[in-house]
1. State all residues of the stretch 145-164 that are under 20 Å from the mean Cα position of the chain (by Cα) and over 17 Å from Ala88 (Cβ atoms); if no residue qualifies, say none.
2. Looking at this structure, is Gln65 among the polar types (S, T, N, Q), crowded, with 16+ Cβ neighbours inside 10 Å and at pLDDT below 95?
3. Against the conditions (1) at pLDDT below 90; (2) under 28 Å from Val12 (Cβ atoms), where does Asn128 fall short? Just the number, please.
4. Looking at this structure, is Arg74 within 25 Å of Ile149 (Cα to Cα), surrounded by fewer than 20 Cβ atoms within 10 Å (Cβ to Cβ) and of a type outside the set (A, V, I, L, M, F, W, C)?
5. Select, from Val118, Val158, the only residue that is crowded, with 18+ Cβ neighbours inside 10 Å and either under 23 Å from Asp25 (Cβ atoms) or in the same structural domain as Gln16 (by TED's automatic domain parsing) (or both).
6. Say whether the condition of being part of a helix (DSSP H, G or I) and in contact with a Gly (Cβ under 6 Å, 6 or more places away or on another chain) is met by at least one residue in the stretch 147-159.
7. List the number of the failed condition for Ala14; all other conditions in (1) farther than 19 Å from Phe61 by Cβ; (2) among the small types (Gly, Ala, Ser); (3) crowded, with 16+ Cβ neighbours inside 10 Å hold.
8. Can you say whether Ala143 is modelled with pLDDT under 95, buried (at least 18 other Cβ atoms within 10 Å of the Cβ) and assigned by TED's automatic domain parsing to the domain that holds Ala88, as far as the supplied structure shows?
Amino acid sequence: MARTGKTRLDWVQAGQKLLVEGGIDAVKLHCLTRQMGISTGSFYHHFENFDEYLSALADFFGSEQAQLPFDEARKVVGDDPAELLREATNIFGRGAMRQLNIAMRAWGYRDERARAAVKRYDKALMQNLDEIFLALGFDEVAAKSRTLIMLGLASVEVDRNMQPSFRDRWFHIRDLVLPD
């Protein structure tokens, strides 16, 4: 069998793209193989069946996805909490991270593994944000309130054509929750 060079992560990321574009009903094997331009044989090299794949799709979101913006941000700005928050929210605002967050929540209404992944994601995201706001000198209530604001903003579905844009509002609110 010819090697495609595709990894489990490639398959998961392809599924995330389909999930964002059309919800969980759009995540089908034939759509994945078409998007990736490879055969189903490669899929079965990495996953025993489609149910295992859906579990991997949920697990990645629930285990690694929430940490990625913070890890990437630390590589760019280090550990300064204000700069870390600015860069992590910039990273979150790029691409489809917020849309993926919303799509996973929608899937979670129908599927326990997706619901559990969202809970793990939220816990990791809240932990990262709590640490940043506490490091900025806020007391526990003020820090965790700011975390809740940011988490809520990351999870709300809005009109993509709103003006000013959601992205502009997101960055403005981020700056409001930072200390002067």
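1. To start, the set of residues in the stretch 145-164 that are under 20 Å from the mean Cα position of the chain (by Cα) comprises 146-160.
Passing the criteria: Val156, Glu157, Val158, Asp159, Arg160.
2. Details: among the polar types (S, T, N, Q): yes; crowded, with 16+ Cβ neighbours inside 10 Å: yes; at pLDDT below 95: yes.
So Gln65 fits the description; yes.
3. (1)
4. Numbers: within 25 Å of Ile149 (Cα to Cα): yes; surrounded by fewer than 20 Cβ atoms within 10 Å (Cβ to Cβ): yes; of a type outside the set (A, V, I, L, M, F, W, C): yes.
Against the criterion (within 25 Å of Ile149 (Cα to Cα), surrounded by fewer than 20 Cβ atoms within 10 Å (Cβ to Cβ) and of a type outside the set (A, V, I, L, M, F, W, C)), Arg74 qualifies.
5. Numbers: Val158 fails: crowded, with 18+ Cβ neighbours inside 10 Å.
So the residue among Val118, Val158 that is crowded, with 18+ Cβ neighbours inside 10 Å and either under 23 Å from Asp25 (Cβ atoms) or in the same structural domain as Gln16 (by TED's automatic domain parsing) (or both) is Val118.
6. Going through the stretch 147-159, the residues part of a helix (DSSP H, G or I) turn out to be 147-155.
Still in the running and in contact with a Gly (Cβ under 6 Å, 6 or more places away or on another chain): none.
No, that holds for no residue.
7. Among (1) farther than 19 Å from Phe61 by Cβ; (2) among the small types (Gly, Ala, Ser); (3) crowded, with 16+ Cβ neighbours inside 10 Å, Ala14 violates only (1).
8. Numbers: modelled with pLDDT under 95: no; buried (at least 18 other Cβ atoms within 10 Å of the Cβ): yes; assigned by TED's automatic domain parsing to the domain that holds Ala88: yes.
Judged against the criteria, Ala143 is not a match.
The values are calculated or read from the model by the stated rules, or taken from the named source; none is laboratory data. Here the structure is a predicted model, which means the values were calculated and not measured. In this analysis, Cβ positions are derived from the backbone assuming ideal geometry, glycine residues included, and neighbour counts consider all displayed protein chains.
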